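Coordinate-derived values only; no laboratory data. Fair warning: this is a prediction, and the values are worked out from it, not measured in the lab. Here Cβ is always computed from backbone atoms with ideal geometry, including for glycine, and neighbour counts include all displayed protein chains.
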Amino acid sequence: MSQRRYEGVFPVVPTIFHADGTLDLPGQLRCVDFMIDAGSNGLCILANFSEQFALSDEERETLTRAILEHVAGRVPVIVTTTHFSSAVCAARSRRAQDMGAAMVMVMPPYHGATLRVGEAQVADFFRTVSEAIAIPVMVQDAPLAGTPLSAAFLARLARETANVRYFKIEVPQAANKLRELIALGGAAIEGPWDGEEGITLWADLEAGCTGAMTGGGFPDAMRAIVDAYRQGRRDEAFDLYQRWLPLINWENRQAGFLAAKALMEAGGIIQCSAPRHPWPDLHASIRQGLIDIARRLDPLVLRWAR
């Protein structure tokens, strides 16, 4: 078991680019400062919502080192180290640990639309990663990997693999899977977490999730919801979730991983919200819809840099 149990809201940090597609490190660090000031219990970097699939290995190293040094222990940071190769993923995880990561997040090995491995190889993969480090491993159970991970398999993985203790569940009927995972895994499930930008957060809290990995645009709102629920103020938590749900839905169903950067650009935190080519930028109407909803709710992202 890890010495510290990580709980609460750990939003994904977007990767900030200049208009020409190069890394904007000063903008990146302003983004991180905002997310900490907005109440994030911790952060996650290099996730899919960070456009990790568009980064070179050298850029991953640059971002990991720069962000961890800048955070300087203010909050714990989860580093995503996903790779198809067990050895490469283990090496990435070791480097992240050495640079100060509190945890690594890893998807099961996959490549493209059809290249997968079986359950035995998935177990070996996570065992290899676990044995390379001394910090917790979070299994990201998401449709993108296209790899079925039953609750029974995940519970067994937790019982049999020393550092595999956290599970980010963002598949259909996530609450049912979280509930089953908690029942089957017991104390081995140190962190049953919600994902998918909080679109299933209420159901997942009801199922027993203890952490939420959301988008990075409005951690203040997500923190308020989770804190109220976990402190027993269930009606207040429901009212808050109902209030913020239009923005959560717009991010999850319309704007996707560009939502956080669009909000940060609108609030003057960063200068450019563009993705890296060839991903298309937000349609103007989607961007405007996002900003219009946000202005009704007055999140910190629109005020922090003013």
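What's the ranking of 38-44, 15-21 by average number of surrounding C-beta atoms within 10 Å, highest first? Working shown, then result.
Details: 38-44: 23.3, 15-21: 17.4.
Averaged packing, sorted descending, gives the order 38-44, 15-21.
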message: Below 11 angstrom from the Cβ of A162, what's the summed charge of the other residues (Lys, Arg +1; Asp, Glu -1)?
response: +1
message: Give me the net charge for the shell around A19: Cβ to Cβ below 13 angstrom, other residues only, Lys and Arg +1, Asp and Glu -1.
response: -2
- prompt: In deg cm²/dmol, rounded to 500, what helix-only [θ] at 222 nm does the chain give when every DSSP H run of at least 4 residues adds -39500 (n - 2.57) and the total is split over its residues?
  reply: -14000 deg cm²/dmol
statement: For region 8-243, whose charge dipole is built from +1 on Lys and Arg Cβ atoms and -1 on Asp and Glu Cβ atoms, the candidate among A175, I199, L157 with its Cα farthest towards the positive end is L157
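Please report K177, K168 as a ranked list, fewest other C-beta atoms within 10 angstrom at the top and most at the bottom. Walk me through the numbers on the way to the answer.
Details: K177 22, K168 26.
Ranking K177, K168 by Cβ neighbours within 10 Å, fewest first, gives K177, K168.
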message: Below 13 angstrom from the Cβ of E265, what's the summed charge of the other residues (Lys, Arg +1; Asp, Glu -1)?
response: +1
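Rounded to the nearest 20 debye, what is the charge dipole size of the chain about its Cα centre when +1 sits on each Lys and Arg Cβ and -1 on each Asp and Glu Cβ?
On the way: 30 positive and 35 negative charges, 64 e Å.
Using Cβ point charges on Lys, Arg, Asp and Glu, the chain gives about 300 debye.
What fraction of the DSSP beta bridges in the chain is antiparallel, stated in percent and rounded to the nearest 5?
On the way: 3 of 26 bridges.
Within the chain, antiparallel bridges account for around 10 percent of the total.
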message: As a footprinting exposure proxy, order V104, V129, V71 by other Cβ within 10 Å, with the fewest listed first.
response: V71, V129, V104
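Given an 8 Å cut-off on Cα distances and at least 6 residues of separation, report the relative contact order of the chain as a percent.
Details: 568 pairs, mean separation 60.7, N = 306.
That works out to 20 percent.
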field: Which of D24, D235 has the fewest Cβ neighbours within 10 Å, and the rest in rising order
entry: D235, D24
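Considering Cα pairs under 8 angstrom that are at least six residues apart, work out the relative contact order of region 129-183 and quote it in whole percent.
Numbers: 54 pairs, mean separation 25.3, N = 55.
RCO, region 129-183: 46 percent.
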- request: State the answer as a single residue: which of L245, G267, A294 lies farthest towards the positive end of the charge dipole of the chain, with beta carbon charges of +1 for Lys and Arg and -1 for Asp and Glu, about the Cα centre.
  value: L245
